[in-house]
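Chemist: Mind looking over this structure? Questions follow.
Derivation of every value follows stated rules applied to the coordinates shown; laboratory data play no part. Everything numeric here is computed off the predicted structure, so don't read it as measured data. A quick note on method: Cβ atoms are made from the backbone with ideal geometry, for glycine too, and the neighbour counts reach across all protein chains shown.
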Amino acid sequence: MPYPAKVVANEFIAISKALTPMKLQKLVYFAHGWCLALTGHPLISERIEAWQYGPVIPAIYHELKRVGNGVITEPISDIRYAGGGKFCRHVFSFNDYPNDEERRHAQEIIAKVFEIYGGYSAVRLSNATHMDGTPWQQIYREGVRSVVIPDDRIETYFKAQAHE
């Protein structure tokens, strides 16, 4: 089951104390790519687009653009009606989904991606998405906006990385 990108983003925010929006974008992208390569199924339900600085999930970008280059200090949330004339803050979380094998596998992939890539800077992760042959490099065209990077290209690329 693909999850909202905000759920996956919040999982990274929970395990890291120093994420910028750009680094978070790249970590979610890598987790999505590895999930596709390892399971054949997407991790996130939203599309990934080729922007100037690499793959971007617009829903996360728009939610966190107020942070700029700063560190994300709180999870992504929204305000929901709780009934009785009251509203409450809702944090996007895996707790909103059944605690089943699929969810645990998704969380394991996220943890492993953070273990491998979490120590790299946002710039280094962005540079990794710009290398020759990456899905971003195949799709991105300067000045063209909202070009979707197809999951099949992401999957093919990450499968090839797994074999190296």
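Chemist: Give me 163, 62, 32 ranked fewest to most by other Cβ atoms within 10 Å of their Cβ, as a rough exposure proxy.
Modeler: On the way: 163 6, 62 10, 32 28.
Going from sparsest to densest Cβ surroundings: 163, 62, 32.
Chemist: So, one more: About the Cα centre of the chain, what is the dipole size in debye to 20, counting +1 per Lys and Arg Cβ and -1 per Asp and Glu Cβ, all else neutral? Walk me through the numbers on the way to the answer.
Modeler: Numbers: 18 positive and 18 negative charges, 122 e Å.
In total the dipole reaches around 580 debye.
Chemist: Per DSSP helix of 4 or more residues, -39500 (n - 2.57); summed, then divided by the residues of the chain. What does that give at 222 nm, rounded to the nearest 500? Working shown, then result.
Modeler: Values: 7 runs with 80 residues, N = 164.
Roughly -15000 deg cm²/dmol at 222 nm, from the helical runs in the chain.
Chemist: Specify the angular offset, from 0 to 90 degrees and rounded to the nearest 10, of the alpha carbon long axis of helix 101-117 from the longest principal axis of the alpha carbons in the chain.
Modeler: For 101-117 against the chain, the angle is about 60 degrees.
Chemist: Residues of the range 28-64 with the amide nitrogen closer than 18 Å to a label point 7 Å from the Cα of residue 145, along Cα-to-Cβ, please.
Modeler: Residues 47-64 fall inside that zone.
Chemist: Please name which of 71, 90, 53 has its Cα lying farthest along the dipole of the range 1-152 towards the positive end, using unit charges on Cβ (Lys, Arg +1; Asp, Glu -1) and the Cα centre as origin.
Modeler: Working it through, the farthest residue towards the positive pole turns out to be 71.
Chemist: Which ordering of 22, 1 is given by a fewest-first count of other beta-carbon atoms within 10 Å? Spell out each step's value before the answer.
Modeler: On the way: 22 21, 1 12.
So the ranking, lowest neighbour count to highest, is 1, 22.
Chemist: I need the calculated FRET efficiency for the pair residue 112 and residue 137, taking r as the beta carbon distance and R₀ as 30 Å, to the nearest 0.05.
Modeler: 0.80
Chemist: Moving on. Taking other Cβ within 10 Å of each residue's Cβ, how do 46, 11, 102 sort, fewest first? Working shown, then result.
Modeler: Working: 46 18, 11 25, 102 14.
Least crowded to most crowded, the residues run 102, 46, 11.
Chemist: When a/c is below 1.5 the answer is rounded, else prolate if a/b is larger than b/c, else oblate, so apply that to the range 24-110 with a ≥ b ≥ c taken from the square roots of the Cα gyration tensor eigenvalues.
Modeler: Values: a/c = 2.31, a/b = 1.20, b/c = 1.92.
Oblate is the answer for the range 24-110, as a/c is 1.5 or above yet b/c matches or exceeds a/b.
Chemist: List nothing, just return the count: lysine pairs in the chain, 8 or more apart or interchain, with Cα separation under 26 Å.
Modeler: Qualifying lysine pairs in the chain: 17.
Chemist: Let me ask you something else. Please express the shape of the chain as an equivalent ellipsoid: the semi-axes are the square roots of 5 times the eigenvalues of the C-alpha gyration tensor, given largest first in whole angstrom. Don't jump to the answer; show the numbers that get you there.
Modeler: On the way: eigenvalues 135, 70, 46 Å².
One finds semi-axes of 26, 19, 15 Å for the chain.
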